[in-house]
1. If packing is taken as the average number of other Cβ atoms within 10 Å across a peptide's residues, how do 328-335, 383-390, 26-33 rank, most packed first?
2. Gaussian network model of the chain, Cα springs within a sub-10 Å range: biggest mean-square fluctuation belongs to which of G36, G252, G336?
3. If you restrict to DSSP beta bridges whose two residues both lie in the chain, what percentage is antiparallel, to the nearest 5?
4. Which of L5, L380 has the fewest other C-beta atoms within 10 Å, and how do the rest follow up to the most?
5. Counting each DSSP H run of 4 or more residues in the chain as -39500 (n - 2.57), what helix-only mean residue ellipticity at 222 nm follows after dividing by all residues, to the nearest 500 deg cm²/dmol?
6. Which order do the peptides 363-376, 190-203, 51-64 take when ranked by the mean count of other beta-carbon atoms within 10 Å per residue, highest first?
7. Give me P(r) over the chain, computed from all C-alpha to C-alpha distances, binned every 10 Å, as integer percentages.
8. What number, in percent, do you get for the relative contact order of the chain if the mean sequence gap of Cα pairs under 8 Å and at least 6 apart is divided by its residue count?
Amino acid sequence: MTDFLNQPIGAAPGQPGDRTAFSFETITRLPGSPDGKGRGGTRYGRTGIIHTPHGDIRTPAFVPVATQAAMKAVLPETMRQLGAQCLLSNAFHLFERPGEDVLDAAGGLGRFMNWSGPTFTDSGGFQVLSLGSGFKKTLAMDVTGMKSDDVIAEGKERLAFVDEDGVTFKSPLNGDRHRFSAEISMGIQHKIGADIMFAFDELTTLMNTRGYQEQSVERTYRWAQRCVAEHERLTAERLGKPYQALYGVVQGANYEDLRRHAAEQIASLDFDGVGIGGALEKRIIGDICAWICDAMPENRPRHVLGIASVDDIFACVENGGDTFDCVAPARCGRNGAIFTRHGRYNVKRAEFKTDFGPLEDGCECYTCRNYSKAYVDHLLRAREFNGFTLATIHNEYFFIKLLDDIRASIDGGYFEEFRDESLAHFYGA
Ligand SMILES: [Zn+2]
């Protein structure tokens, strides 16, 4: 097996990273559908391969979130064994602790955490901007009737302020005042050294007014231009490193015209891929992906940031999403919520106290092959770390395998059947 950790592709002493080490190759495109979404008689959904300096990602792919350069309670070796192809860490958390200079000195994120495969970092924008309102900016929020540019969650202090140049915020870790901007985010992400990085964007909420969303999309475009310029400068300056790909992020909330406009702006810049982000309503998540793909060149991989559920994954894959990160499997697992083909249940329910069967019948993950519901229930109640480990292994495996199966269904020509059957099983329809 190639030692990507010590010999990434396209890195040579004294040379800038070779950009050709990063590319996207389409394998199979979904055939057309009656709704006419897509291009040239086919939908945007596809299988493919993202080639990176640390190896390939077969897409569509699930991207587990290793927030602080770690999956909580699960080693990278285990993630590899259960089929993870790549991991995503958060630039903001690594900037706060241990600091990007430590990762740079370690030889980058992969070497720091002993993960030989491809890695992603987000820009820090999500964490920084979330401090602004105190709300969790998840994909689906209930904001019926709420519209304001200055909404703050009850009992929360506003910790972030946006201006033309960037964002000033107070660290939730130690109260220090910090500043993030396009250039600062690029500097941090270059030192962290992930294969795929994201441009620094402004994240709005669905509560922001239309006027504010318009201003924000334009500001994000100006920041995107600055990110591209700084990324080129750092790539040329930091010799001997593998090339790091940069994805531009498309915002625009729920508005079709704004999303299309933002997608054209991002497509016009020299990005390697695109991030589909921001606040949006679940019911139009597939449409938003298709609007963005309309503007995007076919050879740029598309990452959907912070996906929340199984039906969203199917809608996004069908409309062109290639990779998907999600914190739910690990976060839910630690609370006892277990994902199965037949939906989600909580293993801490009383009826499982003496159930010695696996978390999911027929599941081939390490946890299900070796441990019982009753044992996992006991560990989680006792707050034993092994409980977090076993629940996380099963849930991460569930999502990784779901994307593996979706990929096989597109290549095999039975995506619709697989989608309908999976959704019927999962949601009990
Ligand atoms: Zn399992």
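What follows draws every value from the coordinates through simple rules; no lab data is involved. Every value quoted in this text rests on a predicted model; they were computed, and no experiment measured them. So basically every Cβ, Gly included, is an ideal-geometry build from the backbone, and we count neighbours across all protein chains shown.
1. Top of the packing list down: 328-335, 383-390, 26-33.
2. Its mean-square fluctuation being the largest, the pick is G36.
3. Here the share of antiparallel DSSP bridges comes out near 55 percent.
4. Ranking L5, L380 by Cβ neighbours within 10 Å, fewest first, gives L5, L380.
5. When only DSSP H runs of four or more count, the value is -11500 deg cm²/dmol.
6. Ranking, from highest mean packing down: 190-203, 51-64, 363-376.
7. 5, 22, 32, 28, 13, 2, 0
8. 18
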